[in-house]
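Presented below is the structure to which this report refers.
The values are calculated or read from the model by the stated rules, or taken from the named source; none is laboratory data. None of the values given here were measured: they were computed from a predicted structure. As a convention, Cβ positions derive from the backbone with ideal geometry for all residues, glycine included, and neighbour counts pool all protein chains shown.
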Amino acid sequence: MSAAQRLADGVLFPGALEADSADTLPRDRLDALAEAGFYGLAGPTWAGGMDADLPTICAVVEVLASGCLTTTFVWAQHVTTVFVVAASASPHMRRWVQPLCRGECRAGLALAGALPGPAPLRAARASGGWSLTGASPWVSGWGRIDVLHTAALAEDGSTVWLLVDAREGPGLRVERPALVALNATATVNAHFNEHFVPHDRTTVVVPPEDSSTPAPATLRKHAAFALGVARRCCSLHGPSPLDAELSRCRATLESADADTMPAARAASSELALRSAAALMNAVGSRSLLLDRHPQRLAREALFVSVFASRSPVREAFLDRLGATPHGR
């Protein structure tokens, strides 16, 4: 953890404003994470990974996010991919594990096919592989990743996960929206048109009976981004009751189960918003300047409050804001 803290305080935070204002995240930020071994955080030791458990992963994400959320968000898309590839039953996946752990190959996520509701990205069986058609929005790290760990809904209702080359071509194009926060993540909407992916790029096939509801572990990792923003706000603000709130919020997340995790995740986002607002008010009008950290952290707090905020997290968050829709 000390290595993550040194990286957050010595590299990421000093360059966070530059990263925030860049068109695309400077590559050297991600290179620093690779050199420190963090691309292998969830990877097996035989491949040079750290084999970290969930609490350690969440702690590292929080610390790094306190340095620069833009950098951490792009990198974090890679972490789960390493774990899934290493655990894959496919013998073709083994060759990917070491390059992923070293950060020589960097992965992003295209999640649309795994989310609740009608899947906008579908996979049809084709000779020797799969044909992908549809869209997957909110793909982060374009131009800084080599492969997309892509989820698509198959005809039998199963979810197929594939390693797709992250480059445009006849069957894959991207469009980039402008974001108010984390714009340098180069987040794109990916559009597939009969895009062929060979069978040896399949990491896992999830049967239809498995729930698509986010697991508590996923929500816990999402909350680590919010805790990172709140952590930096508290540090810049100075001692206040928010420090104890941050500790309590973290402890609640660590003990939460499937029933209580959505509310705990919502609480982390609300704390990030209040911490950012407190920091801006403590600094005063100077906090509105684009070369100051408070405005960046305030926009990041807004980002973590809506990022992957689906039911029931959204409802829990609205409850905390006193904005529960009438009729509920």
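Is it true that some residue in segment 236-244 is under 19 Å from T70 (Cα atoms), touching a residue at least 24 places away in the same chain (Cβ under 8 Å) and not assigned by TED's automatic domain parsing to the domain that holds V139? Even if it seems obvious, please write down each step before you answer.
Residues of segment 236-244 that are under 19 Å from T70 (Cα atoms), as a first pass: 236.
With touching a residue at least 24 places away in the same chain (Cβ under 8 Å) added as a condition, the list becomes 236.
Cutting the leftovers down to not assigned by TED's automatic domain parsing to the domain that holds V139 gives us 236.
Yes, segment 236-244 contains a residue that is under 19 Å from T70 (Cα atoms), touching a residue at least 24 places away in the same chain (Cβ under 8 Å) and not assigned by TED's automatic domain parsing to the domain that holds V139.
Please go through segment 83-100 and give me each residue that is within 17 Å of the chain's Cα centre (by Cα) and either closer than 16 Å to F38 by Cβ or outside any helix (DSSP H, G or I) (or both), ordered by number.
Across segment 83-100, the qualifying residues are F83, L100.
For a quick check of your reading: which helices (runs of 4 or more DSSP H) sit entirely within segment 261-328 and have at least 3 residues that are touching a residue at least 60 places away in the same chain (Cβ under 8 Å)?
Working: elements: 261-283, 293-306, 313-321.
Output list reads 293-306.
Kindly list, by first and then second residue, each pair from a residue in segment 135-150 that is within 18 Å of A32 (Cβ to Cβ) and in contact (Cβ under 8 Å) with a residue 60 or more places away in the chain to a residue that is surrounded by fewer than 17 Cβ atoms within 10 Å (Cβ to Cβ) and not hydroxyl-bearing (S, T, Y), limited to pairs with Cβ atoms under 7 Å and residues at least 6 apart or on different chains.
Correct list of pairs: R144/R27.
Which one is surrounded by the fewest Cβ atoms within 10 Å (Cβ to Cβ), of the residues in segment 75-117 that are polar (S, T, N, Q) and more than 19 Å from W142 (Cβ to Cβ)? Before the answer, list the steps.
In the first step, residues of segment 75-117 are kept if they are polar (S, T, N, Q); the result is 77, 80-81, 88, 90, 98.
Still in the list and also more than 19 Å from W142 (Cβ to Cβ): 88, 90, 98.
Numbers: S88: 18, S90: 15, Q98: 18.
Checking each candidate, the answer is S90.
So, L33, is that one modelled with pLDDT of 95 or more, of a type in the set (A, V, I, L, M, F, W, C) and assigned to a strand (DSSP E or B) or not?
On the way: modelled with pLDDT of 95 or more: yes; of a type in the set (A, V, I, L, M, F, W, C): yes; assigned to a strand (DSSP E or B): no.
No.
Which one of the conditions (1) at negative phi; (2) touching a Ser or Thr at 6+ places or on another chain (Cβ under 7 Å); (3) hydrophobic (A, V, I, L, M, F, W, C) does W138 fail to meet, given that it meets all the rest?
Single failed check for W138: (1).
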